[in-house]
């Protein structure tokens, strides 16, 4: 067996594990198959993931289930308004002798083996904390105790409460851009899933629920290598490359491809974003999606499936549309796909 | 017998007119037997060298030639005869000479110019004759000489009317059918038959070159996009079929087409089990479903 077919066989084996990973999470989180698929794509693209949604829809449960299924250590931090960067890096306490002590926090102690750093309600933390997080996400390292701590396997999962505005600090555009995906999570629409969530006692106790998830479905230390192999093995044809470039033009200059939206002046809509880094991230996510679908080539469907979650938070619209939330961007993305022919 | 021979001779009657390097022949239908008001038709044939060019201004102009002779029409045609060119000048004269006895009148000659050369067309003559007298019985009142008008011919309009109404109604029906087919007003709410047009277009492309198949796939994609109201990707076909249930029975064909399109445009392994014939059959099936609506 040559090297190429060995690699293909290993990728096929890992695809089965990825499907099993999804099934494990589905044991704890019902009616959220699409969100789980997007999280899996994020995991195998080695991207940091933000989940936002209403209160009580299962964001935290989902991320805890993901952490458990991935195996390895797990650090969770609750964002609060008075939190400072030092609270994340240092553990301060009074020793047995009554003297103050400063030790590395759990995050630093587990740095070498930590695959999941779960930041709950990130928008409750101050911009100073966001700044630390930005460094951690971009470089997978922080400096503390006068030395550099590296996090070779780290993926940041964060959730954001979009309901409350009091004592919250919105993430700056640069911080949002560091997130590979922003996934919106709503309550399931399936009636049976809703019935289970309301009346099945299993879903009342999160700890018991998470015990249903088999820990360590995958070896997190291998995910980085698998992710690289996926990016190398899934091909993009010239037709697909041309399609993505056309989508890009549609996003940045919607009027030039004949896009019009009701009550919106499209020539003034997009003020920034949709950067080359964003498009490269889109291609990365689409490759993983193609791999999960069992293909070694990307299709426009792969691009479309991940487009909104990867690109929407990277498109910055005129502030006049801010109060309409993500609706103008959603409309724009939809219109761009409708206006861009393929193949 | 004599009259017939004379007629044939008169048809062929012609005489040559001399010129330096051009030959002129004049033919007339007959050389005699013209009454007042008759048209006198003549053909003047001028044979020149091949490079000769007729000066159009030298042709006779329609209008009165004399007090009793008009020229009504002049036509010229040129024909190559070997190394020479023959100019056929067809002339129509009208005779207004009221002859009291049979006599000849002269048709005046004229000159044609071919570049610097002038070719004279000689005068010729035709015989004119008086109208025959009549001798009706003597009547007391002048109006009695008048003959009663011919009775009006009665033409029944029933059948033409019926035919006109029938064909008018048929025309309106056909126009309505065409308008419905093409979604002209007031049928604009009816969907345009885009798949029908596509099937015809693909049938003409079937024997094209190497790019015919990818081009045909793209044409079908664009037509499906039009039917969808925007670009339709393979994984959205189910949503499209839910909106357009008339095509739902073709879902397996949709799936095969999109799989073939993926292989053709996005994969390195081209599908070899999907060809132009199946594509054309799919387009025709779409057209049939469209027509059934």
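The values are calculated or read from the model by the stated rules, or taken from the named source; none is laboratory data. These numbers come from a predicted model, not from an experiment. Cβ coordinates were reconstructed from backbone atoms using ideal geometry, including for glycine residues, and neighbour counts include every protein chain displayed.
For every residue, the table says whether it meets (1) assigned by TED's automatic domain parsing to the domain that holds residue B:36; (2) within 39 Å of the chain's Cα centre (by Cα); (3) outside any strand (DSSP E or B); (4) under 21 Å from residue B:56 (Cβ atoms).
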{"site": "B:86", "(1), (2), (3), (4)": "yes, yes, no, yes"}
{"site": "B:101", "(1), (2), (3), (4)": "yes, no, yes, no"}
{"site": "B:105", "(1), (2), (3), (4)": "yes, no, no, no"}
{"site": "B:113", "(1), (2), (3), (4)": "yes, yes, no, yes"}
{"site": "B:138", "(1), (2), (3), (4)": "no, no, yes, no"}
- From A:55, A:43, residue being more than 30 Å from residue A:223 (Cβ to Cβ) and outside any strand (DSSP E or B): A:55
- Item | So residue A:22, is it in the same structural domain as residue A:171 (by TED's automatic domain parsing) and in contact (Cβ under 8 Å) with a residue 24 or more places away in the chain | no
- Note on the structure: residue B:213: passes all of (1) away from chain A (no Cβ under 14 Å); (2) in contact with a helix residue (DSSP H, G or I) (Cβ under 6 Å, 6 or more places away or on another chain); (3) more than 22 Å from residue A:337 (Cα to Cα) but (1)
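Is it the case that the stretch B:221-243 has a residue that's more than 30 Å from residue A:244 (Cα to Cα), loosely packed, with under 15 Cβ neighbours inside 10 Å and within 49 Å of the chain's Cα centre (by Cα)?
Going residue by residue through the stretch B:221-243, those that are more than 30 Å from residue A:244 (Cα to Cα) are none.
No, that holds for no residue.
Scan the stretch B:262-269 and give yes if some residue there is without any contact (Cβ under 8 Å) to a residue 60 or more places away in the chain, farther than 27 Å from residue A:338 by Cβ, in contact with a helix residue (DSSP H, G or I) (Cβ under 8 Å, 6 or more places away or on another chain) and within 14 Å of chain A (Cβ to nearest Cβ), otherwise no. Before you say what the answer is, go through the steps one by one.
Initially, the stretch B:262-269 is screened for residues without any contact (Cβ under 8 Å) to a residue 60 or more places away in the chain, giving B:262-269.
After this cut, where a residue has to be farther than 27 Å from residue A:338 by Cβ as well, the list is B:268-269.
From what is left, the residues that are in contact with a helix residue (DSSP H, G or I) (Cβ under 8 Å, 6 or more places away or on another chain) are B:269.
When the remaining residues are screened for being within 14 Å of chain A (Cβ to nearest Cβ), the result is B:269.
Yes: the stretch B:262-269 contains one or more residues that are without any contact (Cβ under 8 Å) to a residue 60 or more places away in the chain, farther than 27 Å from residue A:338 by Cβ, in contact with a helix residue (DSSP H, G or I) (Cβ under 8 Å, 6 or more places away or on another chain) and within 14 Å of chain A (Cβ to nearest Cβ).
If we scan the stretch B:129-137, do we find a residue that is in contact (Cβ under 8 Å) with a residue 24 or more places away in the chain and under 30 Å from residue B:25 (Cα atoms)? Before the answer, list the steps.
Step one: of the stretch B:129-137, the residues in contact (Cβ under 8 Å) with a residue 24 or more places away in the chain are B:129-131.
Pick out the ones that are also under 30 Å from residue B:25 (Cα atoms) and you get B:129-130.
Yes, the stretch B:129-137 contains a residue that is in contact (Cβ under 8 Å) with a residue 24 or more places away in the chain and under 30 Å from residue B:25 (Cα atoms).
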- When (1) buried (at least 20 other Cβ atoms within 10 Å of the Cβ); (2) within 14 Å of chain B (Cβ to nearest Cβ); (3) farther than 23 Å from residue A:11 by Cβ; (4) in contact with a strand residue (DSSP E or B) (Cβ under 9 Å, 6 or more places away or on another chain) are applied to residue A:307, the one that fails is (4)
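Would you say residue B:256 is within 13 Å of chain A (Cβ to nearest Cβ) and either in contact with a strand residue (DSSP E or B) (Cβ under 9 Å, 6 or more places away or on another chain) or touching a residue at least 12 places away in the same chain (Cβ under 8 Å) (or both)? Give the derivation first.
On the way: within 13 Å of chain A (Cβ to nearest Cβ): no; either in contact with a strand residue (DSSP E or B) (Cβ under 9 Å, 6 or more places away or on another chain) or touching a residue at least 12 places away in the same chain (Cβ under 8 Å) (or both): yes.
Here the answer is no, as residue B:256 does not meet what is asked.
Restrict the check to the stretch B:48-60 and report whether at least one residue is modelled with pLDDT under 95, closer than 18 Å to residue B:96 by Cβ and within 34 Å of the chain's Cα centre (by Cα). Working first, answer last.
Within the stretch B:48-60, the first condition is being modelled with pLDDT under 95, and the residues that meet it are B:48-60.
With closer than 18 Å to residue B:96 by Cβ added as a condition, the list becomes B:60.
Narrowing the set further to residues that are within 34 Å of the chain's Cα centre (by Cα) leaves B:60.
Yes, the stretch B:48-60 has at least one match.
Only residues that are surrounded by fewer than 16 Cβ atoms within 10 Å (Cβ to Cβ) and within 14 Å of chain B (Cβ to nearest Cβ): list them for the stretch A:254-286, please. Step through it out loud before you land on a result.
Keep residues of the stretch A:254-286 that are surrounded by fewer than 16 Cβ atoms within 10 Å (Cβ to Cβ), which gives A:255-256, A:258, A:260-263, A:265, A:267-268, A:271-272, A:275-277, A:280.
Matches in the stretch A:254-286: A:258, A:260, A:261.
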- Given the conditions (1) farther than 21 Å from residue A:42 by Cα; (2) at pLDDT 90 or above; (3) assigned by TED's automatic domain parsing to the domain that holds residue A:31, which single one is not true for residue A:223? (1)
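Quick one: would you say residue B:241 is part of a helix (DSSP H, G or I), in contact (Cβ under 8 Å) with a residue 24 or more places away in the chain, more than 11 Å from chain A (Cβ to nearest Cβ) and at negative phi? Steps first, please.
On the way: part of a helix (DSSP H, G or I): yes; in contact (Cβ under 8 Å) with a residue 24 or more places away in the chain: no; more than 11 Å from chain A (Cβ to nearest Cβ): yes; at negative phi: yes.
Here the answer is no, as residue B:241 does not meet what is asked.
Does residue B:254 satisfy the condition of being part of a helix (DSSP H, G or I), modelled with pLDDT of 90 or more, surrounded by 14 or more Cβ atoms within 10 Å (Cβ to Cβ) and touching a helix residue (DSSP H, G or I) at 6+ places or on another chain (Cβ under 7 Å)? Lay out the reasoning, then the answer.
Values: part of a helix (DSSP H, G or I): yes; modelled with pLDDT of 90 or more: yes; surrounded by 14 or more Cβ atoms within 10 Å (Cβ to Cβ): yes; touching a helix residue (DSSP H, G or I) at 6+ places or on another chain (Cβ under 7 Å): yes.
So residue B:254 passes the test.
Taking residue A:102 as the residue in question, decide whether it is surrounded by fewer than 20 Cβ atoms within 10 Å (Cβ to Cβ), on the phi < 0 side of the Ramachandran plot and touching a residue at least 60 places away in the same chain (Cβ under 8 Å). Before you say what the answer is, go through the steps one by one.
Details: surrounded by fewer than 20 Cβ atoms within 10 Å (Cβ to Cβ): yes; on the phi < 0 side of the Ramachandran plot: yes; touching a residue at least 60 places away in the same chain (Cβ under 8 Å): no.
When the stated conditions are applied, residue A:102 does not pass them.
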- Do we have residue A:231 as farther than 24 Å from residue A:30 by Cα and in contact (Cβ under 8 Å) with a residue 24 or more places away in the chain here? yes
- Unmet requirement for residue A:251, which otherwise passes all of (1) surrounded by fewer than 21 Cβ atoms within 10 Å (Cβ to Cβ); (2) at pLDDT below 90; (3) under 23 Å from residue B:265 (Cβ atoms): (1)
- Somewhere in the stretch B:217-231, is a residue away from chain A (no Cβ under 14 Å), free of Cβ contacts under 8 Å to residues at least 60 places away in the same chain and in a loop (DSSP other than H, G, I, E, B)? no
- Message: If I ask for residues that are touching a residue at least 40 places away in the same chain (Cβ under 8 Å) and in a strand (DSSP E or B), which ones from the stretch B:56-78 would you list?
- Response: B:65, B:66
- Subset of the stretch A:193-219 that is touching a residue at least 40 places away in the same chain (Cβ under 8 Å) and part of a helix (DSSP H, G or I) - its residue that is nearest to residue A:122 (Cα to Cα): A:206
- Which one of these is within 30 Å of residue A:202 (Cβ to Cβ) and modelled with pLDDT of 95 or more: A:77, A:41, A:49? A:41
- Item | Flag for residue B:246 being in contact with a helix residue (DSSP H, G or I) (Cβ under 9 Å, 6 or more places away or on another chain), surrounded by fewer than 16 Cβ atoms within 10 Å (Cβ to Cβ) and in contact (Cβ under 8 Å) with a residue 40 or more places away in the chain | yes
- For the stretch A:322-337, does any single residue satisfy the condition of being in contact (Cβ under 8 Å) with a residue 24 or more places away in the chain, closer than 25 Å to residue A:46 by Cβ, away from chain B (no Cβ under 14 Å) and crowded, with 21+ Cβ neighbours inside 10 Å? no
